[in-house]
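Please read the structure below before turning to the comments.
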Amino acid sequence: MSFLPKKRVSSSVINLTPLIDCMFLLVIFIMIAARFESEAGIPVDLPTAKSKEAPKVETLNLTVTVDGDIYLGDEQVSLDDLDRKIVEARTVAGDPDGERIVLVIHGDKDAHHGRIVQALDAATSAKQRRVTIRTRE
């Protein structure tokens, strides 16, 4: 009879289950925390441009569809009311003078050129100082 304690055999297996659980939680957290920003406004087929710079300020989206319909944000507006609606949208956003807000024109590449020029003219009538035309990269 031996009174000496038996030596235990140490296990050299590393349990990866907690590590995998942590990785799944990190992936879920990143997916939830990521900001998925969809294209604003009405879907149109944008023309391409070499410049990849996008405006980094507050924007007001104006969309001209291939059918000639004009949308300010998600609201369809007539060409006669467009300048008044631009001023109203700037006032609601807290920038009645148009110093900070950029009017971004999303014109379909197959839209009638004259309709886009009319929209630019309405923006000029509304004293919109900052205007840009959105293109695909």
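Laboratory data are not the source of any read-out in this text; all were calculated from the coordinates shown. Note that the structure is predicted; figures quoted are calculated from it, not measured. Methodologically, a virtual Cβ is constructed for each residue, glycine included, from the backbone with ideal geometry; neighbour enumeration extends over all protein chains shown.
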So PHE3 and VAL131, fully extended at 0.36 nm per residue minus their Cα-Cα distance, gain in nm 37.0 nm
Decide, for the range 59-133, between rounded, prolate and oblate: order the square roots of the alpha carbon gyration tensor eigenvalues as a ≥ b ≥ c, take rounded if a/c falls under 1.5, and otherwise choose prolate if a/b is larger than b/c, else oblate. prolate
Normalised contact order of the range 59-133, rounded percent, pairs of Cα under 8 Å and 6 or more residues apart: 39 percent
Distance in nm between pseudo-label sites at VAL117 and ALA34 (7 Å out along the Cβ direction from Cα): 4.4 nm
Going fewest to most other Cβ atoms within 10 Å around each Cβ, GLU88, GLU99 line up as GLU99, GLU88
Could you work out how much longer the chain between VAL66 and LEU25 gets when fully extended? Use 0.36 nm per residue separation minus the Cα distance between them, nm to one decimal. 10.3 nm
Search the structure for amide H atoms under 5 Å from the amide H of ASP69, placed 1.01 Å from N in the peptide plane, and list their residues when 5 or more places away or on another chain. none
For a quick check: sort ILE101, ILE14, ILE116 by the number of other beta carbons within 10 angstrom, fewest at the front. ILE14, ILE116, ILE101
If R0 = 25 Å, then LEU79 and ALA49, at their Cβ-Cβ distance, give a FRET efficiency to the nearest 0.05 of 0.45
Given the Cα-Cα distance of THR17 and THR124 and 0.36 nm per residue of separation, how much length would full extension add, in nm? 32.2 nm
